[in-house]
Amino acid sequence: MDNSRRSFIKISALGASGIAFTTTALSAIPSDMNSNGAKDKKIGSILSRSATYCEVCFWKCAAWVYSDEKGNIQKIIGNENDPHCYGRLCPRGTGGVGMYTDEDRLKTPLIRTKIDGKDSFREASWEEALDLVAKNMEKIKTEYGPESMALIKHGSPGSHLEHLFKAYGSDTVAEPAYAQCRGPRETGFGLTFGSWVGSPEPTDIRDTKCLVLIGSHIGENMHNSQVQEMSDAIDNGANIITVDPRCSTAASKSQHWLAIKPATDIALLLSWMHVLIYEDIYNKEYVEKYGSGFEALKKHVKPFSPEWAYGITTVKPKEIRKTARIMAAAAPSTIVHPGRHVTWYGDDSQRARAIAILNGLLGSWGNRGGFYFKEKISVPKFPHPPYPHPKWGWKELVEKYPFAEMGSTMEVIKASIPGADQKYPIKGWFVAGTNLVASVPKRKVIEEAIQSLDFMVVMDTMPMEITGYADVILPECTYLERYDGIRSATNREPSIALRSPAVPPKYNSKPAWWMAKEIGNRLDLAEYFNYNDYEEVIDWQLKEMGSSLEEMKKIGVKNFKRKSGALYMQKGKTHEFATPSGKIEFYSEELASHGLDPIPVYTSHDSPKQGFYRLNYGRSPMHTFSRTINNPNLSDLTSENMLWVNPKVARIEGLKNNQEVWLQNQDGVNSSFPIKVRVTERIRWDSVYMYHGFGHSNKKLTRAHGKGASDTELISRIAIDPLMGGTGMRGNFVKILLDNPIKETIL
Amino acid sequence: MKYAMVIDTLKCVGCSDCVVACQTENNVPIGYCRDWVTESVNGSYPHVELELKSERCNHCDNAPCVRCCPTGASHVAEGGIVLVTAGECIGCGACIESCPYDARFQHPDGYVDKCTFCAQRLKEGQLPACVSVCPTKCMYFGDLDDPTSKVSHLLQSRKHKVLAPEAGTKPNVYYLI
Amino acid sequence: MQEEIFISGRNIPKIDPYLEIWHFPISLYLFLGGMAAGIIFFASLFTVLRREKQVQTAIKPAMIIVLIALIIGLLALFYDLTHKLYVWRLYTTIRIESPMSWGAWVLLFITIGTFLWILSYFSELFPKWDLKFKWLKQIEQFLIKNRRNLALIMLPLSLILGIYTGILLSAFNARPLWNNAILGPLFLVSGLSTGAACIILFSKDHYERKLFSKIDLALIFIELALIVHMIMGMYAGSAVQLEALDILIGGEYTVMFFVFVIILGLIFPAILEGIELLGYKVPVAIPAILILIGGLIFRMVMIEAGQLTRYLY
Ligand SMILES: Nc1nc2c(c(=O)[nH]1)N[C@H]1C(S)=C(S)[C@@H](COP(=O)(O)OP(=O)(O)OC[C@H]3O[C@@H](n4cnc5c(=O)[nH]c(N)nc54)[C@H](O)[C@@H]3O)O[C@H]1N2
Ligand SMILES: Nc1nc2c(c(=O)[nH]1)N[C@H]1C(S)=C(S)[C@@H](COP(=O)(O)OP(=O)(O)OC[C@H]3O[C@@H](n4cnc5c(=O)[nH]c(N)nc54)[C@H](O)[C@@H]3O)O[C@H]1N2
Ligand code: SF4
Ligand code: SF4
Ligand code: SF4
Ligand code: SF4
Ligand code: SF4
Ligand SMILES: [Mo]
């Protein structure tokens, strides 16, 4: 046998005489090797390609959609010239095909009716559905004023509807991507540097010498160019320091993983400042030039030694010192990452500020390998009459939060519940592109709010949970079947990207722009929609910007030269920060004037009681929130989430791998579905972990229904951020139940 | 010429983009896959070692699947790529039994399917779909007979391993560790 | 704690979590092939030794069983193919390195040989009908003259077939349970013994039955020895082999293996045949049938258990 093997190798080696790796390299492969099944169908067919940007998450990577002559979408490939993806999509973007092919999609407008006493939906024509929406919006306008009609949105459909709402007279707008996502960091960084972080984050990860991740789990958080640049940083031998109570993928790639006790990050950040300042290794030149209130900060952090922090964070003092010195040594090419989903414990703006201050001490803002000066190009607004001025709007709803800069979903929800304190009554919701039930905590309150609404319309592509509460459901076609606004985002260089339909809308679905226009027409707002096809708007805008629809269809992405000056601070020149003092505010008068801590302080948050575990959650790299769980391509990769438990916990609770368990939180809220156990060393013994977005309860989602548990469902307690109204969601604790509690109560 | 794939486990984040990309590029039916991703965890909290690996057919120099194939459907093509000619495959399953990596499967249409190193793309001078999509750029593909190629360079300069060397199949997919 | 998991949701039909590529038909195919090989071996052996007289069953009715067994076996194999339309590809090439390939060829020749064999005994087997056509008679005459030559060809072929049924599995390096040198000989011996058992079952002649009982008894002892040898070998083997062995002696197939294969399929019939040889009256059918069933179950166990075993990396 052995003999024949060797001779076999000789044979194959002979065949492989050293031809260079060129296009003709494989000429010797029998052409019918392509007959690896269905594949050759594709190889036979000429693929047409059309430009889009991805809508599976909000990184908005520009891509090419390839479809065959039969008009079936085959694959989606990143656009080489796009700074968001450099020609490589993430798994969700590549699997975006499934958003289009999913046979569970919403297919036609639906209207709520009573069939023998029971609520259900009946199919309706677009005419009827849109008439009904317009009628109700008109009604709310006349009875309460247009302000009482709220728009809760996320993603591309939002912009079309925002235009409709402004024209209609309502500025009552909110999205979960603020008060449940990045709001606190924008406030924290705004107060310190006078600038939002924004998206994509202007973190110069590609060129950094030291990347510090506070929770932020890049690699599971698949925000594309960040993942790519972190990989570049690894190649460049950058130091990665990850602070995470869980062994995240990023932690496993880090030279230093600080396995911190949950909810104690501010203590660590303060002691890092302490080390930088009292070991005299902070960026003096930079701080002297740009810092304001440094002395106050120095005094403030004096007591916060690593030894002090150790008692709180369980991170060893020598680890704290070592990592602080590494940051200092790499400064200013050090990034203490602002994170993105930062609504954790209610003091999140302050934690974000602590992170900002740390970056200030290191001098990373405005320096290579730190934070670059981002730039975008503004897209001219298609001409329309001026908008009316609403009496109140999202601002009034968040007036008790002095530093709120966008609408808060939670406040819109509260304002929809009639009561003594209902100063700004909300009577109708237009929900588009957000599955509130899965993305906003306190489901009871959401349901109460919805019950008290006069009217609710949901625009979605899928029969998600939220659609079940609607009076009217408007099926939007997927991003692969429509035009949307031109993508213009901040980046190193300004760039724009086009979204054009690769195929006509499937079923009886329509694009958001069309619905907005149709509703507008019915509300006598036609002059705000002075076009027949959104194509015209895009073409006009592009021409204004020195391009054209024709050109953009060919190139997909257009990059522009910077106009705002250099990417980093220039030697000799000084930089003006957009803060009251014009400098980096280590001490914030603004905060002080509102009776809030001018410099972050550590406050302890409660930890789980006997028998309870902190509910920790995060991203599945293969999914986006709840929106992709039913996607055929992506559910093929991860069809359910699992409950990560430490082996110690498994022993105590008597759990085995893949065993199904139910969860009950501190307020007695039960998980609707069981979740399988994963016993792993990657998680602490005081917490359990699960991917967000699973545990769908709508049976119409044939792949997603009942798969895994919903973290959101178990988040009934939130800690509100006093600065901007963020809803901290990581202060919930769960008990692990071996049997279904709900069944038990029935029996 | 000798094609090889080199995958840097220090950069792979286990996102499985390589799997989706393969499915959409090669029309691999949902429920099947030519490549897959594994995670191995060692140690105990907080001293945890995590290794993520994208795996597929290793296009072995010493391929039992080719040897055991009664019809020659499984064969070695230019550059050492191990391929299956659907039109010659009788679906006896011998090659599946013979692969220590369980890298082969029966396509719903009956013939045996597996990773082809995207030979149809190589012909056009493109890299394999999985390699070209990987967001961490942790996959490299090239010719080991060419000492100047990136793959040769990586294997000269970095610590690496192959899967189940004791199986004696001489894989051409390498993992940097 | 150590963890090894798929994270891309790999769950390929018939591959994950363990192989289910080969099913009962393959076990049946190997069993019938082995049994046929056994019968042909004895039939040709005695023919070559010019002692046909003593083994009338073996050389005549048993060979009809062989033909049927071969045909059923081939049908079973065909049934388990998933790309059936291309089956003819088997006979467009010979691949020495592929047991499947030369097995297919050997089976083809043996089936033809067996057919000719039966034709040569046609008149004796079916005295009632006589061959209609003249040329058929001539062929029969020719075959009758060349019976011994045919036997000389069939003898080695039967051995190859017998070994093939084992090699087919043992050649698979990737399946630790199969991948050992003993399996070939073991399946050969087991085939011979089931062949003998089959002859015993159909033989009316006391002498022939006794003869084959003796042979069978010897074969069973050899078989038991080989099994012990195999298990010992695995014990001494690598971690993967120990894993594999565990399935047989400490796992889901232990009962099947020990109760049905070892005890009911080998030891018990051996005892019965022993008793019979000592002159006591035992209904011969019982040990024979037990051996046949044992032989079939043995192959079922090996096929199924073998696919549970794999390299761990
Ligand atoms: N694949 C994929 N990627 C995505 C998304 C998606 O849906 N899918 N969504 C995108 C969006 S909108 C956002 S906002 C981002 C969110 O992504 P991130 O900003 O990275 O979200 P985080 O909540 O910071 O990351 C969760 C991590 O925080 C850790 N953690 C939990 N509690 C604590 C604590 O008390 N202290 C510390 N230091 N760490 C803690 C968890 O263990 C987990 O590893 O992801 C983006 N990227
Ligand atoms: N418990 C918990 N809650 C969270 C988070 C968490 O990690 N845990 N993350 C928070 C964060 S960071 C964010 S950004 C938010 C995100 O919150 P959401 O944006 O609400 O996230 P999804 O659950 O993806 O909801 C998206 C909805 O839009 C629909 N949709 C998808 N594409 C389209 C389209 O093209 N058109 C239309 N009309 N609809 C479409 C989907 O079907 C789905 O119903 O969630 C926040 N909430
Ligand atoms: S990061 Fe992935 S999902 Fe998000 S836009 Fe880019 S490709 Fe799409
Ligand atoms: S795409 Fe790249 S990073 Fe993602 S799993 Fe595959 S190899 Fe790893
Ligand atoms: S990995 Fe398996 S299928 Fe691929 S060449 Fe090696 S043995 Fe054959
Ligand atoms: S299944 Fe096909 S490729 Fe595999 S061994 Fe049999 S004939 Fe060859
Ligand atoms: S090389 Fe091609 S066929 Fe092989 S796994 Fe990668 S994408 Fe799939
Ligand atoms: Mo977010």
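The values are calculated or read from the model by the stated rules, or taken from the named source; none is laboratory data. All values derive from a computational prediction rather than experimental measurement. Note that we place each Cβ from the backbone using ideal geometry, even for glycine, and neighbour counts take in every protein chain shown. Note: areas computed on protein heavy atoms with side chains; ligands, DNA, RNA excluded. Shrake-Rupley method; radii C 1.70, N 1.55, O 1.52, S 1.80 Å.
Per the listing B:G142, B:G168, the residue uniquely more than 16 Å from ligand 6 (Cβ to nearest atom), small (G, A, S), open to solvent by less than 10 Å² (accessible area, probe 1.4 Å) and in contact (Cβ under 8 Å) with a residue 40 or more places away in the chain is B:G142.
For segment B:13-27, give me each residue that is under 15 Å from the mean Cα position of the chain (by Cα) and either within 16 Å of ligand 6 (Cβ to nearest atom) or not acidic (D, E) (or both). Of everything in segment B:13-27, those that are under 15 Å from the mean Cα position of the chain (by Cα) and either within 16 Å of ligand 6 (Cβ to nearest atom) or not acidic (D, E) (or both) turn out to be B:S16, B:C18, B:V19, B:V20, B:A21, B:C22, B:Q23, B:N26. A:V557 falls short on exactly one of the conditions (1) open to solvent by 80 Å² or more (accessible area, probe 1.4 Å); (2) in contact with a strand residue (DSSP E or B) (Cβ under 9 Å, 6 or more places away or on another chain), and that condition is (1). Filtering A:T624, A:T628, A:T603 for residues that are open to solvent by 10 Å² or more (accessible area, probe 1.4 Å), on the phi < 0 side of the Ramachandran plot and either in contact (Cβ under 8 Å) with a residue 60 or more places away in the chain or in the same structural domain as A:S349 (by TED's automatic domain parsing) (or both) leaves a single hit, A:T603. Quick check: is even one residue across segment C:133-145 in a helix (DSSP H, G or I), more than 14 Å from chain B (Cβ to nearest Cβ) and in contact (Cβ under 8 Å) with a residue 60 or more places away in the chain? Within segment C:133-145 (the criterion being in a helix (DSSP H, G or I), more than 14 Å from chain B (Cβ to nearest Cβ) and in contact (Cβ under 8 Å) with a residue 60 or more places away in the chain), the answer is no, since none of the residues qualifies.
Can you tell me which residue within segment B:148-165, out of those that are exposed (fewer than 13 other Cβ atoms within 10 Å of the Cβ) and either assigned to a loop (DSSP other than H, G, I, E, B) or touching a residue at least 40 places away in the same chain (Cβ under 8 Å) (or both), is nearest to the other protein chains (Cβ to nearest Cβ)? Residue satisfying both the conditions and the ranking: B:T148. Going by the conditions given, is B:K114 touching a Ser or Thr at 6+ places or on another chain (Cβ under 6 Å), within 12 Å of chain A (Cβ to nearest Cβ) and more than 21 Å from B:M1 (Cα to Cα)? The answer is no for B:K114.
Restricting to segment C:1-22, give me the number of residues that are in contact with a helix residue (DSSP H, G or I) (Cβ under 6 Å, 6 or more places away or on another chain) and either open to solvent by 10 Å² or more (accessible area, probe 1.4 Å) or part of a helix (DSSP H, G or I) (or both). Residues flagged as in contact with a helix residue (DSSP H, G or I) (Cβ under 6 Å, 6 or more places away or on another chain) and either open to solvent by 10 Å² or more (accessible area, probe 1.4 Å) or part of a helix (DSSP H, G or I) (or both) within segment C:1-22 amount to 2.
Selection of strands (runs of 3 or more DSSP E) fully inside segment A:47-141 by the criterion of at least 1 residues being of a type in the set (D, E), more than 16 Å from ligand 2 (Cβ to nearest atom) and without any contact (Cβ under 8 Å) to a residue 60 or more places away in the chain returns A:118-123.
Looking across segment B:37-64 at every residue that is of a type in the set (G, A, S) and more than 9 Å from chain A (Cβ to nearest Cβ), the one that is farthest from A:G219 (Cα to Cα) is identified as B:S40. If you go through segment C:23-59 and keep only what is open to solvent by 20 Å² or more (accessible area, probe 1.4 Å), hydrophobic (A, V, I, L, M, F, W, C) and closer than 16 Å to C:E208 by Cβ, you end up with C:F41, C:L45, C:L49. Report whether or not B:D113 is open to solvent by 60 Å² or more (accessible area, probe 1.4 Å) and more than 16 Å from ligand 8 (Cβ to nearest atom). Judged against the criteria, B:D113 is not a match. Would you confirm whether any residue within segment A:490-502 is open to solvent by less than 10 Å² (accessible area, probe 1.4 Å), part of a loop (DSSP other than H, G, I, E, B) and out of contact with any Phe, Trp or Tyr (no Cβ under 8 Å at 6 or more places or on another chain)? Within segment A:490-502 (the criterion being open to solvent by less than 10 Å² (accessible area, probe 1.4 Å), part of a loop (DSSP other than H, G, I, E, B) and out of contact with any Phe, Trp or Tyr (no Cβ under 8 Å at 6 or more places or on another chain)), the answer is no, since none of the residues qualifies.
Return the residues of segment A:329-361 that are assigned to a helix (DSSP H, G or I) and away from ligand 2 (no atom under 16 Å from the Cβ); say none if nothing qualifies. Selection gives A:A329, A:A330, A:Q350, A:R353, A:A354, A:I355, A:A356, A:I357, A:L358, A:N359, A:G360, A:L361. Are any of the residues in segment B:110-121 small (G, A, S) and within 15 Å of ligand 5 (Cβ to nearest atom)? The answer is yes; a qualifying residue exists.
Taken over segment A:49-70, residues that are away from ligand 3 (no atom under 16 Å from the Cβ) and either within 12 Å of chain B (Cβ to nearest Cβ) or over 31 Å from the mean Cα position of the chain (by Cα) (or both) amount to 4. Under the condition of being assigned to a loop (DSSP other than H, G, I, E, B) and open to solvent by 20 Å² or more (accessible area, probe 1.4 Å), which residue from segment A:455-482 is farthest from A:E550 (Cα to Cα)? Among those that are assigned to a loop (DSSP other than H, G, I, E, B) and open to solvent by 20 Å² or more (accessible area, probe 1.4 Å), it is A:D471. Filtering segment B:154-177 to residues that are of a type in the set (G, A, S) and modelled with pLDDT of 95 or more leaves only B:S157.
Of all residues in segment B:15-38, those satisfying the criterion of being in a loop (DSSP other than H, G, I, E, B), in contact with a Gly (Cβ under 9 Å, 6 or more places away or on another chain) and surrounded by 24 or more Cβ atoms within 10 Å (Cβ to Cβ) are B:C15, B:S16, B:V28, B:C33. Applying the criterion of being farther than 22 Å from B:A129 by Cβ, assigned to a strand (DSSP E or B) and not small (G, A, S) to the residues of segment B:40-67, the residue that is farthest from ligand 4 (Cβ to nearest atom) is B:H47. Scanning segment A:236-251 turns up at least one residue that is at pLDDT 95 or above, closer than 22 Å to A:Y602 by Cβ, within 13 Å of chain B (Cβ to nearest Cβ) and not in a loop (DSSP other than H, G, I, E, B).
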